[in-house]
Structure formats: structure tokens, C-alpha cells
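Right, one structure below, let's go through it.
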Amino acid sequence: MDQETLKVGQLAQRTGLSVRTLHHYDQIGLLVPAGRTASGHRLYGSEEIGRLQQIAALRQLGFSLEEIRESLARPGFTLERTLELQMHRLGQQMEHAGRLLERLEKIRLRLKAADRVSVEELMQAIEETIMYDKYYTPEQLEKLEQRRETVGEERIHEVKAEWARLFERFGAEMEKGTDPVDESVLEIARQATGLIQEFTGGDAGIQQSLGHMVSENRESMYAQWGVDPKVAEYMGQAMAALHLAG
């Protein structure tokens, strides 16, 4: 890199970071300027700009500021190494984008083949697809696609109907005031667990990702499925009780 020196305002303008952020990095010792002007403005040289590249890359990778500080303190953690990590992550993101494009095309063809398709249905399908990419790894998505092919479209439609019936049964028991740990409710929970096992192929990692997805998107997913949130909560209590029972 060349020996250009930038004032803090210039560095902020060139990088898109705020002056406040650069000041904060200085205050916590993460990015200390090379010096200051006579009027007290911070100055950054090539070494500091290279370190800022490392900070930006590691932030993109999801590192906390404290984790970045610890990483940069390691002797072998060079700018080259950081760039390699960033390039690897970008490669993964490109792979995600390619897989997402393929899935959207499949959805488009399925929707095109239907008699009537509303804009809302299309938006929900796209939302669901993007959500999958957020919570599942590429390997998990590949397994799910293979699982879909193994199970077949006919069985997938059957499972959707079975879920609807299970939600109705959970709702009926809730209305009767049945304790969610009652054996009659636990039996419904076992059937629900069986459907989850069938969907995930018994993969613990996929089940965990599924749990995170549902947990963080409860309202939108329940609305999409047409499930009363109270029934979903009741079902969750029964599923938790079943899990504790072993």
C-alpha cells in the first residue's frame, strides 16, 4: 500500500464509516491513529488503513469488537489471512445466491403450472425460500432438497393435511382445558414429532435450524399456516413436555 495519510474525516468519507465509529475504535484501542495534526485531528496511514480493512472484514464475518481485538492480537493474523477468510465467506454467499436462484425458478415453474396464483401466494413463497437460506446451511438445504425428492410431492401434500389435522386436535384439547402434559395431548405431540422427523430425516442440525426459524418468525409463520398463536403455544408446551419425558 502507498504512504497516503488521511484525516479522520477523509477516512470516514472514503470508507463509508462514521467519524463517530472511528473515534470509538480509537477510544477502545482497536484502531489507534498514526498521529495527529497540529490542530488535533486524527491521522491514519497505510498500516492503520490495512488494519481497518481487517476490522471491516471481520465485522462482516460476524465477529464482535472484542473478538476482533483478540484476533488481531495474534501474531499470525495478517491482512492476507483476513482477506482469505473474507473471500471464503463471499464464496459461500455466492453459492447461496446460486442455490436461491435455482429454488426461485422451481417455485416460479410450480406457480406457473397452477390454475390461479395470487401475488400474495407468490410473495409468501419467496419469503419462505429466503427464510430458508437465512437459517439453513448450504449442506442442510441440499439434504432437505434430497429429502424432498425422496419423500415425493404426493407425500408432502399428505403431510400438510396431517399437520392441519394435528393443529385442530391440539386446539380441541386446549379448548377442553386438557393439561398439555396429559397423555392424550402427548400422543398428538408424538405424531407431530414423527412428522418433523420425516421432514428433517432425523438430522439433528436441521431440526435445530428449523427450531430457530420457527422461534424467530412465530407470528408470520403461524399466520401463513393459519394457526392460532395460542394453539401453537399449547402445542409447544406439549412438545417440550414430551422432550423432557424422553
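The values are calculated or read from the model by the stated rules, or taken from the named source; none is laboratory data. What you see is a predicted model, and the numbers here were worked out from it, not measured in a lab. Reconstructed Cβ throughout: ideal geometry from the backbone, glycine too, with neighbour counts over all protein chains shown. Heads up: the accessible areas ignore ligands, DNA and RNA and are worked out on the full protein's heavy atoms, side chains in. Shrake-Rupley method; radii C 1.70, N 1.55, O 1.52, S 1.80 Å.
See the values below:
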{"quantity": "The stretch 192-206, residues that are modelled with pLDDT under 85 and surrounded by 16 or more Cβ atoms within 10 Å (Cβ to Cβ)", "calculated": "Phe199, Thr200, Asp203, Ile206"}
{"quantity": "Residue count for the stretch 40-74, restricted to those that are of a type in the set (Phe, Trp, Tyr) and either open to solvent by less than 20 Å² (accessible area, probe 1.4 Å) or modelled with pLDDT of 85 or more (or both)", "calculated": "1"}
{"quantity": "When residues of the stretch 1-53 are limited to those that are of a type in the set (Asp, Glu) and over 20 Å from Thr82 (Cα atoms), the one farthest from the chain's Cα centre (by Cα)", "calculated": "Glu4"}
{"quantity": "Within the stretch 3-17, considering residues that are crowded, with 16+ Cβ neighbours inside 10 Å and without any contact (Cβ under 8 Å) to a residue 40 or more places away in the chain, the one farthest from Ile55 (Cα to Cα)", "calculated": "Lys7"}
{"quantity": "Qualifying residue in the stretch 192-214 (condition: over 30 Å from Gln146 (Cα atoms), part of a helix (DSSP H, G or I) and of a type in the set (Asp, Glu))", "calculated": "no"}
